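Asks: Handing you a structure now.
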Amino acid sequence: MPEGDTLFVTARVLNRALAGKRVAAFKTSRDLGADPTGATIVGAEARGKHLLITFDDGRVLHTHLRMTGSWHLYRPGEAWRRPFSQARVAIETESWIAVCFAAPIVELLASSAALAAHPALARLGPDILAKDFDIASVVVGLRAAPGASIGGRLLVQQVVAGIGNIWRCETLWRVGIHPMTRVDALSDVALSGMIGLARKLMLRAVADPSASPSGSSVARPAFGVHDRSGLPCPRCGDRVGSCRIGDPIRHAYFCPTCQPVPSVTSTGS
């Protein structure tokens, strides 16, 4: 599933191409209601792992890519890199065509009020890449489940929006905390430092991305532990391990030397 940094860059690329442009055609593979053809695109933005495109008639296109979706940009007449049958929605302007492929969630919300009341978006925690991000409120959210594992809590989007498995694993490795550590075993200083580091790593990833019109990418560093089970830790040389954690359950990668298993571990997410 794309993480917050990828969605941030995707929104930035779409915004540069589409903002201020009139919708010449709006094509979709499902019934989204009255389409916004003729409207002007106000802009695109990311909220955690959600992407929103707003039109000047008040409607908002909401997509969530999950594990299968992606947004592409093409010039009119340019060949698409994926088949038309996989397109969920295509927004055509005079100079660009933005296509969302294979996203499981594609919906056209009628107004900003509908956006504010959306059951998924309304419950999102602070966006870790937002300019007004508040670490203190995230610490409060983490502590709402004191017996839960820190590795599980970091992926709860209602606590902090945008962190995914990659940055969960890489952040915990850098601060030397095992993902099964209980939240109540960590001080406020430790929690604040951890969230601050995750934000720093993700902001660095989006600062100078190599984005292309047919997609987007982020400047992520080489991973220390993520998806490296059985390989040597770049810090100490021990073999990277993994555990299953969270709801839904995901593999959390860690170094058993740099992140020793705590004496008391969480049995929850």
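We did not get these values from a lab; they are worked out from the coordinates using the rules stated. Note that this is a predicted model, so its numbers are computed, not measured. Cβ sites come from the backbone with ideal geometry, for glycine too, and all protein chains shown count toward neighbours.
Asks: Based on the Kirkwood radius over alpha-carbon pairs, what is the Stokes-Einstein translational diffusion coefficient of the range 4-116 at 25 °C with 0.890 mPa s viscosity, in µm²/s? Mind dumping the intermediate values first?
Replies: Values: Rh = 13.8 Å.
My calculation gives 177 µm²/s for D.
Asks: Here's another thing I want to ask about it. Equivalent ellipsoid semi-axes for the range 31-75, as square roots of 5 times the alpha carbon gyration tensor eigenvalues: give them largest first, rounded to whole Å.
Replies: So the equivalent ellipsoid measures 19, 12, 12 Å along its semi-axes.
Asks: Considering only G241, G125, G33, give the residue with the highest GNM mean-square fluctuation for the chain, with springs between Cα atoms whenever their separation is below 10 Å.
Replies: Maximum among the listed residues: G33.
Asks: By how many degrees, between 0 and 90 and to the nearest 10, does the Cα long axis of helix 188-207 differ from the longest principal axis of the chain?
Replies: 40
Asks: Let me ask something else about it. Output the relative contact order of the chain, whole-number percent, from Cα pairs under 8 angstrom with separation of 6+ residues. Each step should come with its number before you reach the end.
Replies: Values: 571 pairs, mean separation 49.2, N = 269.
Dividing the mean separation by the residue count of the chain yields 18 percent.
Asks: Would you mind giving the three semi-axes, in whole Å and largest first, of the ellipsoid equivalent to the range 135-254 according to its Cα gyration tensor? Please report the intermediate quantities before stating the final value.
Replies: Details: eigenvalues 106, 72, 35 Å².
Rounded to whole Å, the semi-axes are 23, 19, 13.
Asks: Further question: Please identify the longest segment of the chain free of exposed trypsin sites (Lys or Arg not before Pro), where exposed means a DSSP state other than H, G, I, E or B and no more than 14 other Cβ atoms within 10 Å.
Replies: Numbers: sites that count: R30, R66, R81, R123, K131, R235.
Excluding the exposed sites themselves, the longest stretch runs over 132-234.
Asks: For the chain, set up a Gaussian network in which alpha carbons nearer than 10 Å are linked by springs, and say which option among I249, I177, I128 fluctuates the most.
Replies: Among I249, I177, I128, the largest GNM mean-square fluctuation belongs to I249.
Asks: Which residue fluctuates most in the GNM of the chain (Cα springs below 10 Å): S187, S70, S229?
Replies: S187
Asks: For the range 65-126, which chymotrypsin sites (Phe, Trp or Tyr not before Pro) are in a loop by DSSP, counting at most 15 other Cβ atoms within 10 Å? Please list the in-between numbers first.
Replies: Details: sites: W71, Y74, W80, F84, W96, F101; in loops: W80, W96.
Answer by residue number: W80.
Asks: Every cysteine in the chain with no other Cys Cβ under 4.7 Å from its Cβ, please list them in numeric order.
Replies: For the chain, the answer is C100, C169, C236, C243, because their Cβ atoms have no other cysteine Cβ under 4.7 Å.
Asks: So what is the calculated 222 nm ellipticity per residue for the chain, using -39500 (n - 2.57) for each DSSP H run with n of 4 or more, over all residues, to the nearest 500 deg cm²/dmol?
Replies: Calculated mean residue ellipticity at 222 nm is -7000 deg cm²/dmol.
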